[in-house]
Every structure is written in structure tokens, then in C-alpha cells.
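Accompanying notes for the structure given below.
Derivation of every value follows stated rules applied to the coordinates shown; laboratory data play no part. All figures in this text were calculated on a predicted structure; none of them were measured in a lab. Here the Cβ positions follow ideal geometry from the backbone for every residue, glycine too, while neighbour counts run over all protein chains shown.
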Amino acid sequence: MILRWLIFSSLALSMAQAPAGRGASVGGQVELTNSQDSAARKHNYSGVVLWLQPVERDASVPVVPRHVEMRQQNKHFTPHVVAIQVGGTADFPNLDPIYHNAFSKFSGQQFDIGLYPPETSKPVPFHRPGIVQVFCSIHATMSGIIDVVPTPWYDVTKADGKFNIAGVPPGEYQLHIYHERALPANLQFLERRITVPEGGLKLPLISITETGFVPADHLDKHGMPYPKPAADGTYMGGH
């Protein structure tokens, strides 16, 4: 693993201007290594979630309820990865000409919004932090990730791996990272305590290895294997 964090020092940090009274900006870039994913091999580093948690336990953390959208389009969840603060809501618009059934078996945040037709949408509120794996009970190839974080200071990397966490009050924070194809131990190793000054902060390159990741099949909402799909990719029980 290339661990540029090992050379993390005050000399590696550069200040970024932040609007007065609106908090500082913490930015940087992520790269993915040792990946078997075709997009990552082409240097698409999107979908990594980074968030800041105040070190002080009694620090005031504002709740900023937001709506995020995970579209169902071309039999994909788009974006594949979204992040939201606890108390926020995810909308699942169906932009396909067929029915979908988004669900999750995430412990403590299970949901099943049932079959619903094209050109409709259903909201799901999230009340606990954690990783929510989202699937469609009709189409086995559809999957998405919702990272529910306990803070309003977060961002999801774009294709170039860049991120920018805005509006951060100056202070001490723990940097947390999530990537679905990285082992938890590798991500935990990359966590760091950082000091955010009034002028903002630019972090050195964060290199995340996917070594050891093994993809696994998932079951439908009834805990059963998906049946063989029809020619159009739709499974029994779908429309």
C-alpha cells in the first residue's frame, strides 16, 4: 500500500481560502490502487466518502437535514454512492419504463419501498449512522450505497478523486473514510486526526488499496437467491 499519510506533516499541508463566516474548506484527492474494477483501472476514483467528526465529545454538531437522490435508470442506481447526514432523506425516483423495488437489509435501517411504477418516486428517511447497501428485488445487478454519517461535514469523491468538505468550523477533527471495495482495516489505518485552521486545509494524496476485496453475491428481499432472469433482464415477479 502506498501510504502518503506516513509523510503527513505541517509542511505537507497548504492553506485554502474560505469565505468569512461560512467555515473553512478541507479538500484533497483520493486514488484507488490494486483494483479489479474496470472503471477504477481507468482512473475513475468516484464514490469514496470522507467525513469529519469533532474530536471533542461535547462539540456542537449541527443537524442539516438534506434530500439526496438515488435514481433508478437503465437498471442502475445512480449515483452508485451517496452520503447523507443522520436525519436526512433519500429519494428513489424510477426513471425506467419498468417497475423497481428498492430495499435494504442494513441492520437497524431496513427498508422495503415495494414495487412502484415508472415516473414515480418514494422517499426513505435515515435515522441511524452506518453503511446502507441498497438493492432491487427484481434486478440482481442493481446495487447502491448510502453512507449515513453523524455530521454535516462530508463529501463524496468525483471521478478524478477530488473532494471538498465545506463549511467546517476551525478545530480538531477525526477524518473518516469509506470505500466499498476496501477492507475495513485498511480504511481504519487511513483515519487521521487533523487540525482545521480558519483558512482551510488541503490534505496530501490519500491512497486506498483494494487488496483483499472479494465481491459477493446478494440475496433478494426475502433472503432467497435471485431466479434466472428473462431475456430483458427482469426477474420473476417483476414487471
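Side notes on the structure shown:
- Projected-area mean, the range 62-150, by convex hull of Cα positions, square nanometres: 4.9
- A protection proxy built from the mean count of other Cβ atoms within 10 Å ranks the segments 26-32, 219-225, most packed first, as 26-32, 219-225.
- Loop-located trypsin sites (Lys or Arg not before Pro) in the range 65-140 (DSSP state other than H, G, I, E, B) with a sparse environment of at most 13 neighbouring Cβ atoms within 10 Å: 66.
- Structure-based [θ]222 nm, the chain - -39500 (n - 2.57) summed over DSSP H runs of at least 4, per residue, nearest 500: -1000 deg cm²/dmol
- GluC sites (Glu not before Pro) restricted to DSSP loop in the range 120-198 with at most 13 other C-beta within 10 Å: 191, 198
- The lysines whose alpha-carbon is closer than 22 Å to the alpha-carbon of residue 162, local same-chain residues fewer than 8 away aside, are 42, 202.
- Debye log10 I(q)/I(0) for the chain, one point scatterer per Cα, at q = 0.10, 0.11 Å⁻¹: -0.52, -0.63
- Environment charge of residue 122, counting only residues whose C-beta is closer than 13 Å and scoring Lys/Arg +1, Asp/Glu -1: -3
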